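Only one structure is covered here, and it is reproduced in the block below.
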Amino acid sequence: MYKRDDLDRPIGRPNTIVPKEGIPWIWEGVLAEEAITLLSAPEKIGKTTLLSLLLDRRRVGGQLLGRAVYPGRTILCSEENQRLWELRQPPLNFGSDLIFHRPVDDFPTRGRWKRFIDDLLNLSFREDPFDLLVVDTATRFMPLTDRNKRIMGWALSQLSIVAGFPAGVLILNQSRNHHRPLAAYADIVIEMENPRGSELTRRRTFRGVGRYPETLQSVSAELNPAGTDYVMLDADSSPHPPLLAALQTLLRASPTPLSRQEILSRWLESEPPPRADSLWRCLTRGCETGLFTRSGEGTKTEAFRYWVRENRLADGRLG
C-alpha cells in the first residue's frame, strides 16, 4: 500500500473543481469529508478552545461561528493528555463518540507516523467508523523535517489516505516554519488571530481560503464568559434590509417551512442568491428578533427549517 515512490510526490496538491451542491460538510465552510483543513494560529491564541467547542457540537450537532456542525465520531490525536480534556467537561460535553488515539511515543519519525496511519486504517473498518481526524499539533506528531521536503511531502500525503475513508482531517499548527508547506497541501486554510493591540481580549478573527466555494472567508467573534460559545461580531451580523425583505417574501409564499438549501433553490432568478454565511446570519438574527421561527435539529438528516411567524399563527399551527 505504501511505496517509496510516494516520497517523490510534490507537497502541494492539484486544484480540483468541487461542485457547489452536495459537499459533505462536517463543519460547514471549515471541515468536509475527503478534505484536509489547516487551522493555523500563534501559541496561546485559543486553538484548543475552538477545538473543544467543535468536539462539543459534534456530540449531537449544533452551530459554531455561525455555521452548522454535524454529529459524528472523532479521532483526537492531541499533545494534551486525556485527563486535561476530561477537565473541560462540564461545561462542555464531548459524548461517547470521541476517541483518544495517538502514536505510542512522542518522537516524530517516519516509521512512527506510518504505523499511526495503519492503525487509523484498521479503525476505519469498524462498524462505527470515524469521520473526522484531528492532529493537535502538526509539529508534535508529524515528521516535518525542514531539510527533507520529500519526507514532509510523504507525511502529508498519508493524510489523503485517511481523508479517502471518507473522513475529514483537521491539522492544528502554530509553527511559522511549517505553515507554507502545510497550507499548500491543505484544501482549506483557516487562520485565527487576535485583534491588533488587544492581547487580553476574548475577540478573535477567523480568515479562511480554500478550494470549496462555501469556505469561511472572514468572521469576527467573541468567546462568551462561560467559554461555551463564540458570539458573532461581524459588522453585517444584523440582517441587511434587502436580504431580510427577500427572505420574508419567499417564506411567506411557501406553504411549508423551508431549509436553507430549499431557500437558495427557490431564490428569485432576477436577484443574485446570498452567500451561505450571510443567509445563515440573517435567518439566525431573524429568529432571535421574532421575525422567523425555526424547527428541526440542524443535522444532516433533519435540517433546520424556517417560516415567517405570522404565517403559522394565521393557520393555527402555532399556539
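The values are calculated or read from the model by the stated rules, or taken from the named source; none is laboratory data. Remember, it's a predicted structure, so these values are computed and weren't measured experimentally. Ideal geometry is used to build each Cβ from the backbone, glycine not excepted, and the neighbour counts take in all protein chains shown.
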#### Entry: Residue count for segment 38-81, restricted to those that are in contact with a Gly (Cβ under 8 Å, 6 or more places away or on another chain), of a type in the set (Lys, Arg) and surrounded by fewer than 19 Cβ atoms within 10 Å (Cβ to Cβ)
1
### Output for segment 164-175, where each listed residue is among the small types (Gly, Ala, Ser) and at pLDDT below 85
Gly164, Ser175
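Condition check ((1) among the acidic types (Asp, Glu); (2) at pLDDT below 85; (3) surrounded by 15 or more Cβ atoms within 10 Å (Cβ to Cβ); (4) within 24 Å of the chain's Cα centre (by Cα)) across all residues:
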{"position": "Met232", "(1), (2), (3), (4)": "no, yes, yes, yes"}
{"position": "Ala235", "(1), (2), (3), (4)": "no, yes, no, yes"}
{"position": "Pro241", "(1), (2), (3), (4)": "no, yes, no, no"}
{"position": "Ile263", "(1), (2), (3), (4)": "no, no, yes, yes"}
{"position": "Glu310", "(1), (2), (3), (4)": "yes, yes, no, no"}
{"position": "Ala314", "(1), (2), (3), (4)": "no, yes, no, no"}
### Query
How about segment 176-212: which of its residues are more than 15 Å from Ile36 (Cα to Cα), modelled with pLDDT of 80 or more and not aromatic (Phe, Trp, Tyr)?
Met192, Glu193, Asn194, Arg202, Arg203, Arg204, Thr205, Arg207
### Summary
Scanning segment 98-119 for residues that are modelled with pLDDT under 85 and of a type in the set (A, V, I, L, M, F, W, C) gives Val104, Phe107
### Query
Name the pairs: first residue in segment 85-96 and closer than 17 Å to Gly62 by Cα, second residue of a type outside the set (Phe, Trp, Tyr) and exposed (fewer than 13 other Cβ atoms within 10 Å of the Cβ), Cβ to Cβ under 7 Å, at least 6 apart or on different chains?
Pro91/Ala226
### Count of residues meeting criterion [in contact with a Lys or Arg (Cβ under 9 Å, 6 or more places away or on another chain), under 22 Å from Ala138 (Cβ atoms) and of a type in the set (Asp, Glu)] in segment 56-80
1
